[in-house]
Every structure is written in C-alpha cells, then in structure tokens.
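Every number here is computed from the coordinates shown, using simple stated rules; none is lab data. Computed from a prediction, not measured in an experiment: that's the story for all the values here. Cβ atoms come from the backbone with ideal geometry, glycine included; neighbour counts cover every protein chain shown.
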C-alpha cells in the first residue's frame with residue numbers, strides 16, 4: 001500500500017504512551033517527509049545513497065511514521081513502541097531499525113558524526129549527500145561548535161544541516177542562528193518549516209560549501 | 001625510536017597500505033604525521049584542538065565504511081571525550097582503533113591535567129572492546145597492525161617500556177617465568193621489568209599481558225597452583241580485579257591488585273620515574289608490596 005504525507009498523523013497516533021516529546025516530534029514532520037519523499041536518494045544499503053541523520057533523537061514518532069510510510073519499517077511495529085520487545089525506542093537505534101543511519105538521543109552528536117561521515121564518503125569518492133537534522137535547542141551543545149568550524153574549514157560541500165527551529169531553547173537564539181552559521185563560513189537559508197515546496201527547493205539547492213537550512217516552526221504551546 | 005614515534009610510523013604505514021584506513025588526530029603528535037597527511041589529505045585529518053569532534057569524526061568515518069585510527073593524549077581521548085566513544089563507536093556498533101598516548105606518567109611534569117590513570121578503567125566499561133598495552137616498539141607495531149583488521153580497540157602507548165618484546169596474542173597471557181607450586185604475579189604492560197626484578201629472589205610464576213581484554217582466564221588458571229594472585233597494572237589499581245575474580249569465581253583465593261592509587265591525587269610534577277616510584281610501581285615498591293602480601297598468613301574469619 002502506498003502511503004502519503006496524509007497518513008502520517010494516523011501512524012503517529014498509533015504510538016501512545018508517556019513519551020514527553022510530542023512537540024519535538026510534530027515539529028520535524030514536514031522536514032522529514034520532504035527529505036524522504038522528495039529530496040534524498042535513500043536506496044537501502046546502496047553505498048552511494050544519501051545519508052539522513054536524525055541527531056535530535058527525542059520524539060522520533062514522526063521519524064518512525066515516515067519510515068513506515070516509505071515502506072522501510074512495518075506498521076505493526078508502531079503499536080508497542082518503547083516496550084522491551086520492540087525495536088522502536090524513544091530514541092532510535094540504527095542496529096534495530098532499518099534505514100536509520102545513526103543511533104541518537106544524547107544531543108550534540110549527530111552533526112559531529114555527520115562531519116566524519118561526509119569526510120569518509122568524500123575520501124571514497126562517493127557522491128552522497130549527508131543531511132543531519134538538529135533542533136534549535138540542541139545547538140546549545142558545545143560539540144556543535146567544534147563541528148561547524150571544521151566542516152567549513154574542510155569545505156564539506158556534501159553536508160547539510162537542517163535546524164528545526166521551534167524556538168524551544170531556554171535562551172532563544174533564533175535570531176542569532178543565521179549569523180552563527182554564516183560566521184563559520186556556511187551558506188544559510190531560512191525557510192517556512194511547514195511549506196513543502198519551499199522546503200524542497202531549499203533542501204535541493206547545493207552551494208559548493210556546507211549549508212544550513214533553518215526550518216522555522218511555530219513555537220510549541 | 002620510542003613507542004609514540006613507532007605509533008606514528010606504523011599508523012602512517014597503514015594509511016599508505018590500506019585505502020580504507022583513515023587517521024584522525026587533534027594536533028597532538030602532528031610533528032610525526034605531516035608527511036602522511038601531505039600524501040593522503042583525504043584520509044589523514046587534523047581536527048584541531050577539538051577532542052569531542054575528534055572521536056565523532058572517527059566514528060562518522062567508520063559509519064561511512066572506513067577503518068579509523070583516532071589519536072590524542074589518553075587524558076583527552078578517554079576522559080574528555082568518553083561519551084563520544086561510548087555512543088559514537090560502542091552504541092553505533094562500529095569499530096576503530098583508539099590510540100591514547102601519555103598514560104599515567106609520561107607527562108609527569110604536566111600535572112594531573114595530562115595524566116590519565118583512569119583511561120583503561122573507563123574503556124573497560126565498553127562491551128567487547130579490546131584493551132592493549134604494548135610495551136616496546138615492536139609490540140606497538142604488532143598491536144596496531146592486528147587491530148586495524150576489525151573491532152573496537154584501545155591501544156595505550158606510553159614511554160615506559162620493557163626490555164623484551166612478546167608476540168601480540170589477544171586472549172593469551174605470556175608465561176615469562178614458570179615456578180610450579182608458586183603464586184602468580186600478572187604483569188600488565190610496561191611493568192614487567194619491574195615485576196621481574198621485584199620477584200627475582202622469590203618463588204613466583206610471572207605472567208605478562210600486552211593485551212588485557214580479552215582477559216585470558218584459562219591462561220591464569222593453567223598456572224595457578226596455589227590460589228594467590230598479584231595483579232600489577234600501570235594504571236588505576238584494581239582495573240582488572242573483576243576479571244581475576246570472574247576467572248577464579250569457583251576457587252577460594254586472594255588477590256593483591258597494585259596500580260595507581262585511588263585514595264588520593266598526588267599533586268607532584270617531576271619525572272615519570274618519580275611518579276612510578278611514588279605509586280609503588282618500581283622494583284623496590286613492588287618487592288615490598290608483593291613480599292608483604294605473600295609472606296603474610298591468610299587469616300581465618302573469626
């Protein structure tokens with residue numbers, strides 16, 4: 001059965017329980033869908049596939065729903081997510097879930113891993129893009145600063161960071177985000193995080209240097 | 001040469017020899033790596049003074065299908081960036097060769113910031129990791145060449161050395177001196193010469209390990225004629241005591257675990273030899289500790 005974006009709310013509703021990051025999950029929904037359905041080449045296990053890294057492992061319901069809709073994960077896995085016998089945890093594990101490139105949950109690891117992945121793929125001459133999704137509050141982690149600087153210094157043009165900015169950082173840095181990336185030498189774009197056409201166009205664009213797409217999302221209630 | 005320069009030479013050779021090998025470092029040892037970096041700028045990466053990034057760049061390369069060697073001082077590699085090792089390599093389930101230099105004593109004059117007596121204990125928390133303590137140039141070369149083939153490894157490269165090289169044989173301890181009916185002294189890494197000197201006039205079987213994980217439980221039991229074991233490690237005392245306990249869990253036994261003390265931080269600078277002596281890990285200190293232990297009577301529980 002072919003599923004569409006319209007199936008995602010139903011799939012997400014299957015995942016019940018006391019996971020407390022529903023705002024985080026819904027904020028990523030549109031970016032995840034556009035990346036998986038329109039932008040990235042995610043042929044399973046193909047060495048030249050693009051790599052998508054969910055650094056913000058919190059609230060992975062939208063991610064799991066997208067993987068189900070894309071036929072990567074059986075829908076039957078959703079109902080008992082987070083249970084002892086389920087491969088779907090509250091933070092994803094790449095060793096348990098097909099199509100998941102990194103295990104995440106602890107914040108501030110995805111972008112540094114993406115830098116290494118992009119370097120490794122470039123050393124092998126592969127054309128793959130590496131796209132890593134982070135949250136605005138996740139950028140509090142200092143490890144990201146190390147990665148931002150090196151990625152630009154080494155000209156990692158295959159690397160894209162998508163910041164899903166739902167204004168969740170305690171010290172709201174949204175207005176400073178573009179300047180922060182630009183200062184390190186990144187190409188910067190800000191886009192409506194719910195506008196699929198705008199997201200697709202911005203996420204497809206390549207710039208010959210690492211780029212960040214800041215997907216602006218309404219703040220959680 | 002010395003073990004650290006041997007590391008640089010062997011790592012450079014491995015980059016030259018294997019297209020899937022990458023070398024990632026964070027300024028430290030750069031003076032030995034400029035040539036290989038110039039020859040292979042795509043696979044030899046200096047990340048600058050960024051140790052968290054160092055580890056995750058290596059892990060990301062592993063996720064991309066490469067075989068990374070990741071290097072800096074052990075204090076910054078194992079202690080500063082431990083969560084990156086735990087998650088980037090361990091939890092992701094990818095392999096690599098982590099090489100920490102300096103150890104407990106090399107940078108004695110640098111003080112505590114540059115001393116890492118806890119590195120092996122931290123690494124020992126990672127399921128399945130192999131822990132190596134090569135103690136001559138030849139052992140460093142052999143450990144690196146064997147580790148590059150797969151799995152997750154920590155190779156501790158320090159200035160202190162033993163006089164004799166032993167083969168790289170993970171999971172197997174070397175029998176250096178066999179004395180039937182005598183207690184066993186297990187020397188780990190570059191304490192072997194001091195252990196041999198400390199026990200030269202004492203009946204003792206001496207084992208040597210240049211790889212301590214996997215732990216050779218069968219090898220220990222094979223020479224254990226009397227249930228007394230002295231474990232000597234040049235890092236945090238007792239790091240391998242749990243492995244000895246597991247190996248002998250069905251035998252009444254007693255164990256003396258020697259190493260860098262846990263009770264206090266020695267706020268001293270000076271030379272490595274002075275710190276080794278202060279920790280009781282020179283021949284004189286070991287002779288006193290081992291003698292005191294083995295010459296004492298085992299008391300009954302009252």
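Observations, loosely collected:
- Whole-number Å³ per residue for the convex hull built on Cα positions in region B:3-157: 94
- With the simple model of a label 7 Å out from the Cα in the direction of the Cβ, residue A:206 to residue B:203 spans 7.6 nm.
- In chain A, helical runs assigned H by DSSP with n ≥ 4 each contribute -39500 (n - 2.57); averaged across all residues and rounded to the nearest 500, the mean residue ellipticity at 222 nm is -8500 deg cm²/dmol.
- Förster radius 56 Å - calculated FRET efficiency between residue B:253 and residue A:170 (Cβ-Cβ, nearest 0.05): 0.55
- Listing B:85, B:49 from fewest to most neighbouring C-beta atoms within 10 Å gives B:49, B:85.
- Net length gained if the chain between residue B:39 and residue B:138 were fully extended (0.36 nm per residue, minus Cα distance): 33.2 nm
- Per-residue extension of 0.36 nm, minus the Cα-Cα distance of residue A:5 and residue A:72, leaves a gain of 22.6 nm for this segment.
- Inter-centroid distance (Cα atoms) of region B:26-75 relative to region B:229-292, Å: 33
- Here the label points at residue B:113 and residue B:175, each 7 Å from Cα along the C-beta direction, are separated by 4.9 nm in the simple model.
- Put a dot 7 Å past the Cα of residue B:16, heading toward its Cβ, do the same for residue A:84, and the two dots end up 5.5 nm apart.
- Inter-centroid distance (Cα atoms) of region A:86-148 relative to region B:162-215, Å: 43
- Over the protein assembly as shown, the fraction of Cα-Cα pairs per 20 Å bin, rounded to whole percents and listed from the shortest bin up, is 22, 45, 27, 6, 0.
- R0 of 41 Å, Cβ-Cβ distance residue A:179-residue A:45: FRET efficiency to nearest 0.05: 0.55
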